[in-house]
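Colleague: First, the structure itself, so that you have it in front of you.
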Amino acid sequence: MTFPLNQTTVTLVSRMRDGRMVETATVGHEGAVGGIVSHGYLPAFSEAVVQVTGDVLRLDAERLTRARAASPSLRDLFVRYADCLLAQVLQSVACNAVHPIEERCLRWLLTFQDRLGTPVLPVTQEMLAEMLGVRRTYLTGVLGALQRRGLIAVRRGQITILDRDRAEQTACECYGKVRGHFRTVLGAVYAESGAIVAVDPTQRHE
């Protein structure tokens, strides 16, 4: 099992037969990749794509399974995180089906910012288009419209969220819904910048 550290960020994607892929969940230092539900002994269904490289912590699945068996608190923490990860996936499915691309784009960028802790996001238009399941030429128009509204600034290889409050208000409800679930179930603690700075299930926010 792999635990991203610091700003290391991984996206879970579903890849189609023709090579296209669509984002289903984003994982940063608040979570882990691999065997969250199956305890690491079943084959993975989704593919993990590293969006921001950096340090990670890897633990053998068997050792982690023994640790969970010996610690009710650790076992409870993993159950809660698995629930939050599933919430991300389910909400992503609903979001992709019913919400406009502009709102979906802001949801993705805000979710990415929460893991990095900075408004300057190292994301290319090619990568973002792939995550959202749209053509790059189409996304360029979407980003241009958001930029003209003063929500983001687009430069080569990066997108900056200029007004987080307005971006949250403009994004679809999915962003706030998943964020609220992380707070309630996992006890996620968010900084004013939106970044996840800690998780404490004993201090859950109803």
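Colleague: Can you tell me the relative contact order of the range 114-193? Whole percent, Cα pairs under 8 Å, sequence separation 6 or more.
Modeller: Over the range 114-193, the number comes to 28 percent.
Colleague: Translational diffusion coefficient of the range 136-206 at 20 °C, 1.002 mPa s, Stokes-Einstein with Kirkwood Rh over Cα pairs, in µm²/s as a whole number.
Modeller: Estimated via Stokes-Einstein, D reaches 154 µm²/s.
Colleague: So what's the projected area for the chain, the Cα convex hull averaged over all directions, in nm²?
Modeller: Numbers: hull surface 45.9 nm².
Averaging across all directions leaves 11.5 nm² for the Cα convex hull.
Colleague: What list of ³J(HN,Hα) couplings, whole Hz, do you get for the range 194-201 from phi and the Karplus terms 6.51, -1.76, 1.60, once you set θ to phi - 60° and write x for glycine and proline?
Modeller: x, 5, 6, 10, 6, 10, 8, x
Colleague: At a 10 angstrom cut-off on C-beta neighbours, averaged per residue, how do the peptides 141-152, 78-89 rank from highest to lowest?
Modeller: 78-89, 141-152
Colleague: Could I ask something else about it? How much accessible area per residue does the chain have, counting only protein heavy atoms and a probe of 1.4 Å, in square angstrom?
Modeller: On a per-residue basis, the chain sits at 53 Å².
Colleague: Between T24, T170, T65, where does the largest GNM mean-square fluctuation fall for the chain, given springs only between Cα atoms within less than 10 Å?
Modeller: Among T24, T170, T65, the largest mean-square fluctuation in the Gaussian network model of the chain belongs to T65.
Colleague: Identify the residues of the range 60-90 with backbone N under 13 Å of a label point that sits 7 angstrom from the Cα of T202 along the Cα-to-Cβ direction, or state none.
Modeller: 73-74
Colleague: May I pose another question? Looking at the chain as a GNM with Cα springs under 10 Å, which of Q91, Q169, Q113 has the largest mean-square fluctuation?
Modeller: Highest fluctuation of the listed residues: Q169.
Colleague: If you don't mind, another one. Report the net charge of residues surrounding R66, where surrounding means a beta-carbon distance below 14 angstrom and charges are Lys +1, Arg +1, Asp -1, Glu -1.
Modeller: +1
Colleague: Bin width 5 Å, origin at 0, all Cα-Cα pairs of the range 1-100: what percent of pairs per bin?
Modeller: In order of increasing distance, the bins hold 2, 12, 20, 23, 21, 12, 6, 3, 1, 0 percent.
Colleague: Determine the share of the range 80-206's accessible area contributed by carbon and sulfur atoms, expressed in whole percent, with a 1.4 angstrom probe.
Modeller: 50
Colleague: Over all distinct Cα pairs, what is the inverse of the mean 1/r for the range 51-110, reported as the Kirkwood hydrodynamic radius in Å?
Modeller: Evaluated over the range 51-110, this radius sits at 14.5 Å.
Colleague: What helices does the chain have that are whole DSSP H segments, at least 27 Å long along their own axis by Cα, and with mean Kyte-Doolittle hydropathy of 1.6 or more?
Modeller: Numbers: long enough: 72-98 (39 Å, 0.73).
The qualifying helices: there are none.
Colleague: Using Cα springs under 10 Å in a Gaussian network model of the chain, which residue among P72, P100, P119 shows the largest mean-square fluctuation?
Modeller: Result for the chain, Cα springs under 10 Å: P72 fluctuates most.
The values are calculated or read from the model by the stated rules, or taken from the named source; none is laboratory data. Quantities reported herein were computed from a predicted structural model and do not represent experimental measurements. In this analysis, Cβ positions are derived from the backbone assuming ideal geometry, glycine residues included, and neighbour counts consider all displayed protein chains. All accessible areas refer to the heavy atoms of the entire protein, side chains included, with ligands and DNA or RNA removed. Shrake-Rupley method; radii C 1.70, N 1.55, O 1.52, S 1.80 Å.
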